[in-house]
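The values are calculated or read from the model by the stated rules, or taken from the named source; none is laboratory data. All of these numbers come straight from a predicted model, not from anything done at the bench. So basically every Cβ, Gly included, is an ideal-geometry build from the backbone, and we count neighbours across all protein chains shown.
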Amino acid sequence: MRVIITEHSRKRLRDLRQEKITAADIVNAAREIPGKIPTATRFRGFFSRSGRVFDIVTKDIPGGRLVITVIGK
C-alpha cells in the first residue's frame, strides 16, 4: 500500500513534540493498520524506532493511505 505523508505532517516532524519520529516510522505505522479507513481517524500508540510514542490521523484515498497529521507524546 502506498503511504502519502502530507506537508503538514512533515512540518510537524520538525516540532519538539515530535522529536525523534521519522518519516519511515510514520510509513511503518500507517502500513500496520488493517482494513479500509473511509474517514479521517486517529490511531494511537505507535512507537518510533527511537522509542517515542506517537499517534497518527489517517484516511484512505484513491491514491493510497494519506497521513494527515502526527501527534507525539
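Among the residues making up region 48-68, those that are within 11 Å of the chain's Cα centre (by Cα) and in contact (Cβ under 8 Å) with a residue 24 or more places away in the chain are Ser48, Phe54, Ile56, Thr58, Arg65, Leu66, Val67, Ile68. Taking region 33-48 as the range and being in contact with a helix residue (DSSP H, G or I) (Cβ under 6 Å, 6 or more places away or on another chain) and not in a strand (DSSP E or B) as the test, only Ser48 passes. The set of residues in region 26-49 that are closer than 18 Å to Arg10 by Cβ, exposed (fewer than 15 other Cβ atoms within 10 Å of the Cβ) and touching an Asp or Glu at 6+ places or on another chain (Cβ under 8 Å) contains only Arg49. Please count how many residues of region 1-32 are part of a helix (DSSP H, G or I), of a type in the set (A, V, I, L, M, F, W, C) and closer than 15 Å to Arg65 by Cα. The total comes to 6. With the requirement that a residue be surrounded by 17 or more Cβ atoms within 10 Å (Cβ to Cβ) and in a loop (DSSP other than H, G, I, E, B), what does region 50-67 give you? The answer is Arg52, and nothing else.
Does Val70 count as touching a Leu at 6+ places or on another chain (Cβ under 7 Å), modelled with pLDDT of 95 or more and surrounded by 13 or more Cβ atoms within 10 Å (Cβ to Cβ)? Yes: the conditions hold for Val70.
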